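To keep things clear, I will list the structure first and then write my remarks on it.
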Amino acid sequence: MDYLSLLSERTKRISVSAIREILKAASRPGMISLAGGIPAPESFPIEIIGKLSDKVIQTYGPSAFQYDLTEGFPPLRKVLCTHLSSKDIFVTPDEILITSGSQGALDAIGKILISPGDVVAVEAPTYLGAIQAFNPYEPHYINLETDDDGLIPSSLEKALSSHRVKFIYLVPTFQNPTGRTISLERRREIASIIIRHNVLLVEDDPYGDLRYRGKAIPSIKTMAPDHIIYLSTLSKVFAPGLRIGFCLAPEMIQKWLVIAKQGVDLHTSTFNQALAAEYIAGNYLEKTVPKIIRIYQPRLDKMLDALDRYFPKEFYWSRPDGGMFIWAEGPEGMDMQSIYQESLRQNVTFVPGRYFYTAKGQGMATMRLNFTMAGEAAIDDSIKTIAAILKKRIQGKAA
């Protein structure tokens, strides 16, 4: 049977996740992975999972294993209101939609908002998972300029003045892939711009709790609430395998996100939502986040130190205050894909930066480095290995 002929036209725009393929290589014995945006297993609160499971069964009984509301498990939505209020985001439970990770929300946003040819404005580079979620719905992308302080507001102003943009997608805090954070001053300017142009912004905030230095910066949601779809997740501060994300959107858009979700999975796992509800209600979240930070901060510091000591002077890299990633940029003409292949042969992986751009040929000399999964000694060794390959390649070009 010709199964290929059965596929829809949409599948031409659906691609295999490059990072997922890289992670397959990273699972080989002896491999040091600086590739995936994966929480360290030792950050998971394994010691309380049994207690939480017992509490869920005692408190909710059979209802924890039953079908539930598409909008989300009511006790979880209630405790998330308290969690969000600590970030100066004030909502009611009815305004929260629980999703299967924030990735589920990204797909639903694409499904209900993007018609073929619609313009979506994104940072360059941007989160690969968002590109994958949006691509099947055939958008046209506008790249927004960035620097060390994240999105440059004048670039956004220019894009909105010259194009009819359906929505903007940003990761303002410890961005994936760069680790950069949009400054408070710029957030205020961005909020002013989107209000003036009356345009929608999708604010993706999966890393905001993973701050190792400095003070938290208010979300853009707090500055332009009627113009924001706000996404976040418990994947980085509880357990990613539970697939608990959440979304806040203007009422009419939220209604359509719920309808879209009904057609995909009816609702997110009831039992997992109940675990998350008890995790937050029992104050375990606020106790666990400092433990996670104590694991990750030394690894970030070690990677920055190793980059300073080993990387070629021709390279530049971000210096994040939190999150999970560092972004490195090399001299023009360097092909980081071939560097990756050589690094792989030496049992070290990272992600070539070109996968985080919406157009072919962009970001060829860039790379994303993750510091959360490897120990400090392994981080030092792996950065030293990559640096040696880079220096050899640069010297070869100069010869």
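Tell me yes or no: at least one residue of the range 188-196 is over 16 Å from Phe167 (Cα atoms), small (Gly, Ala, Ser) and not assigned by TED's automatic domain parsing to the domain that holds Gly322. Outline the logic, then answer.
Step one: list which residues in the range 188-196 are over 16 Å from Phe167 (Cα atoms), which gives 188-189.
Imposing the further condition that a residue be small (Gly, Ala, Ser) reduces the set to none.
Checking the range 188-196: not a single residue is over 16 Å from Phe167 (Cα atoms), small (Gly, Ala, Ser) and not assigned by TED's automatic domain parsing to the domain that holds Gly322.
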Review point. Quick one: which of Leu34, Leu97, Leu76 is in contact with a strand residue (DSSP E or B) (Cβ under 9 Å, 6 or more places away or on another chain) and either more than 25 Å from Leu257 (Cβ to Cβ) or polar (S, T, N, Q) (or both)?
Key: Leu34
Review point. Name the pairs whose Cβ atoms lie under 6 Å apart, with the first residue in the range 175-197 and on the phi > 0 side of the Ramachandran plot, the second assigned to a loop (DSSP other than H, G, I, E, B) and not charged (D, E, K, R), and 6 or more positions between them or separate chains?
Key: Gly179/Ser318; Gly179/Pro320; Gly179/Gly323
Review point. So Arg77 fits all but one of (1) within 25 Å of the chain's Cα centre (by Cα); (2) over 22 Å from Ile253 (Cα atoms); what number is the exception?
Key: (2)
Study note, to complete from the structure: Flagged pairs (Cβ under 9 angstrom, 6 or more apart or on separate chains; first in the range 208-221, assigned by TED's automatic domain parsing to the domain that holds Phe371; second in a loop (DSSP other than H, G, I, E, B)) are none
**Study point:** Residue selected from the range 238-268 under the condition touching a Ser or Thr at 6+ places or on another chain (Cβ under 8 Å) and in a loop (DSSP other than H, G, I, E, B), by the criterion surrounded by the fewest Cβ atoms within 10 Å (Cβ to Cβ)
**Key:** Leu266
Point to revise | Selection count where residues are touching a Pro at 6+ places or on another chain (Cβ under 9 Å) and closer than 24 Å to Gln273 by Cα, scope the range 216-235 | key: 6
Study note, to complete from the structure: Quick count over the range 317-358, residues being part of a loop (DSSP other than H, G, I, E, B) and under 26 Å from Ala216 (Cβ atoms), is 6
Practice item. Identify all residues within the range 114-173 that are in a loop (DSSP other than H, G, I, E, B) and touching a His at 6+ places or on another chain (Cβ under 8 Å); write none if there are none. Key: Gly117, Asp118
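Run down Ala387, Ala374, Ala365 and say which single residue is at negative phi, buried (at least 17 other Cβ atoms within 10 Å of the Cβ) and more than 26 Å from the chain's Cα centre (by Cα). Break it down into steps so the answer makes sense when it comes.
Working: Ala374 fails: more than 26 Å from the chain's Cα centre (by Cα); Ala365 fails: more than 26 Å from the chain's Cα centre (by Cα).
So the residue among Ala387, Ala374, Ala365 that is at negative phi, buried (at least 17 other Cβ atoms within 10 Å of the Cβ) and more than 26 Å from the chain's Cα centre (by Cα) is Ala387.
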Revision key, fill the gap. Over the range 196-237, the set of residues assigned to a loop (DSSP other than H, G, I, E, B), more than 19 Å from Pro45 (Cβ to Cβ) and of a type in the set (D, E, K, R) is Asp205, Arg213, Lys215
Review point. If you check Lys302 against the conditions, is it out of contact with any Phe, Trp or Tyr (no Cβ under 6 Å at 6 or more places or on another chain) and at pLDDT below 95?
Key: no
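Among the residues of the range 305-339, what is the count of those that are aromatic (Phe, Trp, Tyr) and either over 13 Å from Ala387 (Cβ atoms) or at pLDDT below 95 (or both)? So that I can check it myself, show each step before the final result.
The first filter runs over the range 305-339 and keeps only residues aromatic (Phe, Trp, Tyr), leaving 310-311, 315-317, 325, 327.
If we keep only those that are either over 13 Å from Ala387 (Cβ atoms) or at pLDDT below 95 (or both) too, we end up with 316, 325, 327.
Summing the residues that are aromatic (Phe, Trp, Tyr) and either over 13 Å from Ala387 (Cβ atoms) or at pLDDT below 95 (or both) in the range 305-339 gives 3.
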Practice item. With respect to Lys221, determine if the residue is out of contact with any Ser or Thr (no Cβ under 9 Å at 6 or more places or on another chain), under 26 Å from Ile293 (Cα atoms) and either at pLDDT 95 or above or of a type outside the set (Lys, Arg) (or both). Key: yes
Review point. Does Gly129 count as more than 21 Å from Tyr357 (Cα to Cα), in contact with a helix residue (DSSP H, G or I) (Cβ under 8 Å, 6 or more places away or on another chain) and of a type outside the set (Asp, Glu)?
Key: no
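Taking the criterion of being modelled with pLDDT of 80 or more and over 30 Å from Val351 (Cα atoms), would at least one residue in the range 31-47 satisfy it? Quick ask: steps written out before the conclusion?
The initial filter retains those residues of the range 31-47 that are modelled with pLDDT of 80 or more, namely 31-47.
Okay, now just the ones that are also over 30 Å from Val351 (Cα atoms), so 47.
Yes - at least one qualifying residue is present in the range 31-47.
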**Study point:** Single unsatisfied condition, Ala274 versus (1) outside the structural domain of Tyr212 (by TED's automatic domain parsing); (2) more than 28 Å from Pro225 (Cβ to Cβ)
**Key:** (1)
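The values are calculated or read from the model by the stated rules, or taken from the named source; none is laboratory data. The structure presented is a predicted model; accordingly, all values stated were derived computationally and were not measured. Neighbour counts are summed over all protein chains in view; Cβ atoms, including those assigned to glycine, are modelled from backbone coordinates with ideal geometry.
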